[in-house]
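Beneath this line is the structure, given in structure tokens, with notes to follow.
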Amino acid sequence: MNGTSASPQRLNAAQRSAHIREVVLARGVGLREQYPILKHQDAIGASILAFALVGMIGSAALYITGHMAWWACLLLNGFFASLTHELEHDLIHSMYFRKQKVPHNLMMGLVWLARPSTINPWIRRHLHLNHHKVSGSETDMEERAITNGEPWGFARLLMIGDNIMSSVIRMLRAKTWAMKLNILKRTLKVYAPLALMHWGAWYVFLGFHAANGIAHLIGTPIEWSATTLSVMQVIDIAAVVIIGPNVLRTFCLHFISSNMHYYGDIEPGNVMQQCQVLNAPWLWPLQAFCFNFGSSHGIHHFVVKEPFYIRQLTVPVGHKVMREMGVRFNDFGTFARANRFVRKDEVVAEKVGAARA
């Protein structure tokens, strides 16, 4: 099965997955031979991290000193933070400094600091590796936590952009107090300490400005204490340089990821059914803050051990062979199906037809 030519009609799902993997891996090898610098994986990963951190700190400094508009800083830092998410994902798969614990863990810590809205990356490693084993099932806690499989509505919209709100809603839905307590304990464990501070500051920011807005509308301004105003000055700056960018990045990433993964009715271990490719032009404003995740992440399910920058370079070849083998592209019906691979009524009709036959 050389090149991208193979007849999917004569191949089962496992063979089609293997063919996609073979073609994409070959493209990665070819790129490294064509551009030898790509063989220096550790150095590239560290350099991208340095670039992202310098970018975030630099834009923050420009904003604080009055040389950059707040919205420009927020958007830039949202983009830079998306790079650190990709690096964390690669680190979870041990792609940088695999045999050197100090630089590896240093990178893990730094990407966490750049994205304080997220769970502890050392804990996420276990969740993510489990995601690859049980993708699309009830036990895929990583994707379930970001609303994969949830019916679309106001609750899902809230949960997509706010990690803590997602946990709160799940806790409220839990049927027993034991289940509620378990969700609370797990939330505190995985989000401590950075995410608890991040989302706590975000709620304070929203509450303070909402209160001021309401007070202004009814004509009774609130007389805040000097201490409160001093604290809010710090939180306002943080909202622009680190909190807001990560709220934006979180929403974009979770919207794309939770809708490109299928849930509930896929065959266990069938990679062909785990993901679709989301690369429609109207998604680009979202893709910009999750580093083209919808277009490239499906490739990762077939070829796990390629770093994100190689994956981006293999997109043209990867998409071609994936489309040939039957991977879905831009299946927006998933929004109405709560991310099921097939509509429930179609499944029922198929079973009825089989029974009649």
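None of the figures in this text is laboratory data; all of them are computed from the coordinates on show. Just so we're clear, the structure is a prediction, and the values are computed from it rather than from any experiment. Methodologically, a virtual Cβ is constructed for each residue, glycine included, from the backbone with ideal geometry; neighbour enumeration extends over all protein chains shown.
Numbers at a glance
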read-out: Extension gain from LYS133 to GLU33, taking 0.36 nm per residue of separation minus the Cα-Cα distance; value: 32.8 nm
read-out: For region 66-206, size of Cβ-based charge dipole, Lys and Arg +1, Asp and Glu -1, in debye; value: 560 debye
read-out: In range of the label at ALA13: residues from region 133-149 whose backbone nitrogen is under 12 Å from the point 7 Å along Cα→Cβ; value: 135-137
read-out: Ranked list, fewest to most other Cβ atoms within 10 Å of each Cβ, for VAL271, VAL204; value: VAL204, VAL271
read-out: R0 of 35 Å, Cβ-Cβ distance MET171-ALA211: FRET efficiency to nearest 0.05; value: 0.85
read-out: Listed peptides 125-135, 249-259 by packing density, highest first (mean Cβ within 10 Å); value: 249-259, 125-135
read-out: Net dipole in debye of the chain [+1 Lys, Arg Cβ; -1 Asp, Glu Cβ; about Cα centre; nearest 20]; value: 920 debye
read-out: Cα-Cα over 23 Å, subset of LYS39/LYS99; LYS39/LYS133; LYS101/LYS185; value: LYS39/LYS133; LYS101/LYS185
read-out: Förster-model FRET efficiency, 25 Å R0, VAL102 and ALA61, C-beta, rounded to 0.05; value: 0.30
read-out: Between region 265-298 and region 24-68, the Cα center-to-center distance that results, in Å; value: 22 Å
read-out: Relative contact order (percent, whole number), the chain, Cα cutoff 8 Å, 6+ residue spacing; value: 25 percent
read-out: Set of aspartates and glutamates near LYS175 by C-alpha distance (under 19 Å), chain-local residues within fewer than 8 positions excluded; value: GLU138, GLU150
